[in-house]
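The values are calculated or read from the model by the stated rules, or taken from the named source; none is laboratory data. Note that this is a predicted model, so its numbers are computed, not measured. Backbone-built Cβ (ideal geometry, glycine too); neighbour counts: all protein chains shown. The area values use the complete protein model at the heavy-atom level, side chains included, leaving out ligands, DNA and RNA. Shrake-Rupley method; radii C 1.70, N 1.55, O 1.52, S 1.80 Å.
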Amino acid sequence: QEQQSFRFVYGMTTGPGTGKRLRAPLSLPVYVCEYHDEALRCLHHAIRRRRIPFEGLTMVHLDAHPDLGASESMPAQLVLESPHDLYVALREDVGGIAQWILPAVYAGHLRCVCWIRPPWARQIADGVYNVVVGSAQRQLPPGEEHSRKAAPRGVAAAVKAHSAVRRAPLPSEGMPDPSTSPNPPETIHISCAEPYFVEDGTFRPAEAQASSKPFRLVVGLLPVDSATILPEVIGPWTLDVCLDYFACGNPFLSQVRPRIAAPFAEVHNTACFRLGPVKDVANFLTTRDAFDAAYRSVLRNELQAEAERVAEEAEDGSPSSSEGESERDAARAALLTALAAFLPEDRRAELMSDLAEALEAARRSELEQIQEAGDMVTLPLHAVCELELEERLAAFESFLEQICSRLGHPGAVTIARSVVDGFCPMRWLCMLESGVLAAIRRRLGKIDVLYADEMDALENEPAR
């Protein structure tokens, strides 16, 4: 009865389990949105228009980010009660653009997601994960008010304020903040123990979840992993493409040169405790906090040393003394040694050498932004040239040809630009959007391109 009510709330009274067949579309719906969380609304529209079934879908997801986060405060039950309030909650959440897939899993729409990552995205290890997605009360370590995806407090506040200006608000009756309730609601969780989920606070063992749904997550690269990924795509499917799959920026490091940022990200990504699934959550978080303290100490020391050099030069009118520089070099070496203890032994020397060079070459403004970004420095960052984009678009089209020859056409396609958020460089938007649409037309035939800012009108149209 609850599932019947859920279908009624979403206006999804046709499709599997309702005694009526899906309509064969005259043309393939291709939805283009700016913010990736809007793709969920587009999927709901495709379901209501009977272009894709209500449940049991596989989504092939090309993106530089997994987008498999979950809100710390949004009640899981909201997914089943009010699509409108769900869209509002995602839009208002600091991490909402990365939290739209798991609600679709919890609702039963998606049973499998194939995350096809670019080589420079390493948030989740390649492999096949058979897990569950359900609801449970959120449990954060004492004093930890934000998940990893919410970013450091200063950056999160800036992003939230920016989001309030740049996004057109949806009309709403006003939703109470569930995080202020003495009995916080159950939120969405996943039983995958990869560090990505543990650090976000979304991991919970299957036996600790309620109303759980089976979920298969496949992670891999193209083109080398296409033989592995293709067999995992079974039954009706949708295609989702974020343009930052082809060219990716990191808005938290907008003023930092990539060659300076890279060693900081590599130190984070290579830390021993982040290699492999988490077996002891408490020990993992304790080690992570110790690593963060050592990492922050390196940055604080560097900024303090730079301030001392400026003060000495202003006082004496000449560069700082060799004695002062020797003391600062010794302090840096000691802090780097402490940080190196968290890294694999066979790579410590290489990683510390690269980091020392970056510290030496970085401008003060770069170090300040790296410090403010915290572990958001690990978000993918990859500058490209036109030739590389042409090669990546050709590889995408080849993959599309392979998967369509095996499974037929997808029921719907969603494309996220992700330019305004700073994840896809504006320079490449026109080339990438037109290139992706052209590849889809060549391989899938007639398409009907719909835009997210038209959704209010589209949802009021009678079903065709």
Condition broken by residue 354, with the remaining ones in (1) farther than 30 Å from residue 304 by Cβ; (2) surrounded by 15 or more Cβ atoms within 10 Å (Cβ to Cβ); (3) more than 26 Å from the chain's Cα centre (by Cα) satisfied: (1)
State all residues of the stretch 273-284 that are closer than 13 Å to residue 194 by Cα and part of a helix (DSSP H, G or I); if no residue qualifies, say none. 273, 274, 281, 284
Within the stretch 400-426, of all residues that are out of contact with any Leu (no Cβ under 9 Å at 6 or more places or on another chain) and open to solvent by less than 60 Å² (accessible area, probe 1.4 Å), the one nearest to residue 100 (Cα to Cα) is 421
Restricting the stretch 211-224 to residues that are open to solvent by 40 Å² or more (accessible area, probe 1.4 Å) and in contact (Cβ under 8 Å) with a residue 12 or more places away in the chain, the residue that is farthest from residue 57 (Cα to Cα): 223
Being at pLDDT below 95, open to solvent by less than 10 Å² (accessible area, probe 1.4 Å) and in contact with a strand residue (DSSP E or B) (Cβ under 9 Å, 6 or more places away or on another chain) is the requirement here; does residue 241 meet it? no
Across the stretch 235-258, what is the number of residues that are in a loop (DSSP other than H, G, I, E, B) and over 17 Å from residue 407 (Cβ atoms)? 8
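Tell me, which helices (runs of 4 or more DSSP H) lie completely within the stretch 30-139 with 1 or more residues that are farther than 18 Å from residue 459 by Cα and either open to solvent by 10 Å² or more (accessible area, probe 1.4 Å) or modelled with pLDDT of 95 or more (or both)? Lay out the reasoning, then the answer.
Numbers: elements: 38-48, 77-81, 83-92, 101-106.
Because the criterion is at least 1 residues that are farther than 18 Å from residue 459 by Cα and either open to solvent by 10 Å² or more (accessible area, probe 1.4 Å) or modelled with pLDDT of 95 or more (or both), the helices (runs of 4 or more DSSP H) in the stretch 30-139 that meet it are 77-81, 83-92, 101-106.
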Do we have residue 429 as touching a residue at least 40 places away in the same chain (Cβ under 8 Å), open to solvent by 20 Å² or more (accessible area, probe 1.4 Å) and touching a strand residue (DSSP E or B) at 6+ places or on another chain (Cβ under 9 Å) here? no
Quick check, is residue 270 closer than 27 Å to residue 90 by Cβ and of a type outside the set (A, V, I, L, M, F, W, C)? no
Sort out which residues of the stretch 258-290 are farther than 14 Å from residue 375 by Cβ and either open to solvent by 60 Å² or more (accessible area, probe 1.4 Å) or in contact with a strand residue (DSSP E or B) (Cβ under 8 Å, 6 or more places away or on another chain) (or both), and write them in order of number. 258, 259, 272, 275, 277, 278, 279, 280, 281, 282, 283, 286
Cβ-Cβ below 8 Å, separation at least six or inter-chain, first residue in the stretch 66-91 and on the phi < 0 side of the Ramachandran plot and among the hydrophobic types (A, V, I, L, M, F, W, C), second surrounded by fewer than 20 Cβ atoms within 10 Å (Cβ to Cβ) and part of a loop (DSSP other than H, G, I, E, B): which pairs? 68/124; 76/185; 88/170; 88/172; 88/175; 89/175
Is it true that some residue in the stretch 391-398 is basic (Lys, Arg) and either closer than 20 Å to residue 30 by Cβ or open to solvent by less than 20 Å² (accessible area, probe 1.4 Å) (or both)? yes
Condition check: within 23 Å of the chain's Cα centre (by Cα), not hydroxyl-bearing (Ser, Thr, Tyr) and not in a helix (DSSP H, G or I). Does residue 430 satisfy that? no
Can you list residue pairs whose Cβ atoms sit under 7 Å apart, with the first residue in the stretch 373-391 being in contact (Cβ under 8 Å) with a residue 12 or more places away in the chain and over 25 Å from residue 223 (Cβ atoms) and the second being open to solvent by less than 70 Å² (accessible area, probe 1.4 Å) and not in a helix (DSSP H, G or I)? Count only pairs 6 or more apart in sequence or on different chains. 373/152; 374/151; 374/152; 376/151
Looking only at the stretch 173-185, decide whether some residue is surrounded by fewer than 20 Cβ atoms within 10 Å (Cβ to Cβ), more than 22 Å from the chain's Cα centre (by Cα) and either modelled with pLDDT of 95 or more or on the phi > 0 side of the Ramachandran plot (or both). yes
Could you count how many residues in the stretch 321-348 are within 23 Å of residue 288 (Cα to Cα) and open to solvent by 80 Å² or more (accessible area, probe 1.4 Å)? 4
How many residues are open to solvent by 20 Å² or more (accessible area, probe 1.4 Å) and farther than 22 Å from residue 45 by Cα when one looks only at the stretch 439-449? 2
Confirm whether residue 436 is open to solvent by less than 70 Å² (accessible area, probe 1.4 Å), farther than 19 Å from residue 250 by Cα and part of a strand (DSSP E or B). no
